[in-house]
1. Report, in order of residue number, the helices in the chain meeting two criteria: a C-alpha extent of 24 Å or more along the helix axis, and a mean Kyte-Doolittle hydropathy of at least -1.0; treat each whole DSSP H run as one helix.
2. With all protein chains present, how much of the accessible area of the chain (probe radius 1.4 Å) comes from carbon and sulfur, to the nearest whole percent?
3. Over the residues of region 70-167, compute the C-alpha Rg and express it relative to 2.2 N^0.38 Å.
4. State in Å² the accessible area per residue of region 292-378; use a 1.4 Å probe, count heavy atoms of protein chains only, and round to the nearest integer.
5. What number, in nm² with one decimal, is the all-direction average of the projected area of the convex hull of the alpha-carbon atoms of the chain?
6. If you take the C-alpha gyration tensor of region 247-392, multiply each eigenvalue by 5 and take the square root, what semi-axes do you get, largest first, in whole Å?
7. Ignoring everything except DSSP H segments at least 4 long, calculate the 222 nm mean residue ellipticity for the chain; use -39,500 (n - 2.57) per segment, divide by total residues, nearest 500.
8. Determine, at each q value in 0.13, 0.15, 0.20 (inverse angstroms), the log₁₀ of I(q)/I(0) that the Debye formula gives when each Cα of region 7-143 is one equal point scatterer.
Amino acid sequence: MFNEIDFDKLQLDMPAPENDTQRQYYYIAKCREGLKELELGETPIRTFCLTTFGCQMNEKQSEVVAGTLEAMGLVREESENADVILFNTCTVRENANLKVYGRLGYLQSIKKKRPNMKIIMFGCMMQEEHVVQKIKKDYPFVDLVFGTHNIFKFAELFYEMLHAAGQIVDIWEGSDQIIEELPTERNFSFKSGVNIMFGCNNFCSYCIVPYVRGRERSREPEAIVKEIENLVQDGVTEVMLLGQNVNSYGKNLENPVSFAKLLEMVEQVEGIKRIRFMTSHPKDLSDELIEYMATSKKVCHHLHLPMQSGSSRLLKIMNRRYDKEKYLGLVEKIRKAIPDISLTTDIIVGFPGETEEDFLETMDVVDKAGFDTAFTFIYSKRSGTPAAKMEEQVPEDVVKDRFQRLLKLVQDRGRERSSRFEGSVQEVLVETESKDKGVFTGRTAYNLLVHFEGTDDMLGKYLKVRLDTCKGFYYLGSIVEE
Ligand code: 5AD
Ligand code: SF4
């Protein structure tokens, strides 16, 4: 495992190894040595600040980048005064892109004063040709740009950057490589995301993910289990299995394995107490999975099942491959098998051509399905996707009005659903201390947050907490003495 490696003892007077993991270790050691020398000079590189936009997959990949930098000897700092500034970007909706450009504009003035500071951009946005062109033209002070397919090469790219005069851009069109065992610096000591697959084959017509993350690739189940065993050794008790469509996990492996089977393998890892997963596509949710969730002792009874729209007409144009009836039927089937399930979803408002009638179908599903929470998004036009070419874009004021109406219904229904736990005692995993000292936040198996008074030693532990007052999407609670 990487944390058993002494990077100061690696042999560096030979060419870089061919094996991908060893090669990155070699470059980490090279950078470590190089940065130590720089430290003696006038412009040391000692600290880094990494900002992550977007989904949990990005969070996970940022942990690898942070782990690599720390293995090189750099120290993390939460301010843009750091010597190396990194952005892991998202491009699912336009807002995230605009934020990144905003930050770059600001950093330009800082870099004028501190020319030795390094700026690095990577992740989904960089897989778009027009973005890279814009960075080359308008932001030449960015030192290193890479995409989603070669993140595993970060140590090597960083080394090149330290020795290059100009901007380095390295974007790959695609990759079927999955590189294991890179250094990782986890955000939490007791819970962790675990990638089980990369990419997506679904091509929902509004979505840019398949273009920037490439085709679906599953990791071998043995590699996943091994990673989880190592995480347990390191103090982790909760894992979140991550993929764009976990329900199609393992279909393309040489020896195909179903997602339910993978869950069973993970469940057998001693020391794991909770298993979560994200995201499920309704078209691929199998009976096998529902049955497994119903009987499992460790898989949390929470399912994130993006519906996107309640209109069968729009679902077809979105290329979702289910309709309103099928979605509601699925919800019914799940509730029957797992009556205490907590259901959450994603909904897009203002997809091209959405009529009031279509929108009311969405409202109808929200009314009927009993979501604990729904993440609501205003449709964002992503160039390169089929929906971007559709003509009937919905006027902004109409979209805003629908969005507000939907949000109100989601909140009302969510509050009703969440209040079902009022007065009950739940086991929570204590995750963070809030800014108010002595107030801690825990998460129930149903993914509901509860704030309560506690002490530092409770972080990372499972405690019994009474959910006293429902505040909508969270609770105020109190610890129940054993
Ligand atoms: N506009 C708005 N929302 C989008 N999503 C994906 N693409 C878009 C887009 N172009 C939403 C979907 C998805 C979630 C992660 O982001 O609801 O489930
Ligand atoms: Fe995008 Fe659809 Fe793939 Fe999800 S399933 S990542 S919405 S293309």
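1. Membrane-span-like by this rule: 94-113.
2. Whole-percent figure for carbon plus sulfur exposure: 50.
3. 1.04
4. 39 Å²
5. 24.2 nm²
6. Result for region 247-392: semi-axes of 31, 18, 13 Å.
7. So the calculated ellipticity at 222 nm is -11000 deg cm²/dmol.
8. -0.64, -0.83, -1.26
The values are calculated or read from the model by the stated rules, or taken from the named source; none is laboratory data. Since this is a predicted model, take the numbers as computed values, not measurements. A quick note on method: Cβ atoms are made from the backbone with ideal geometry, for glycine too, and the neighbour counts reach across all protein chains shown. Quick note on the areas: whole protein, heavy atoms, side chains included, nothing else; ligands and nucleic acids left out. Shrake-Rupley method; radii C 1.70, N 1.55, O 1.52, S 1.80 Å.
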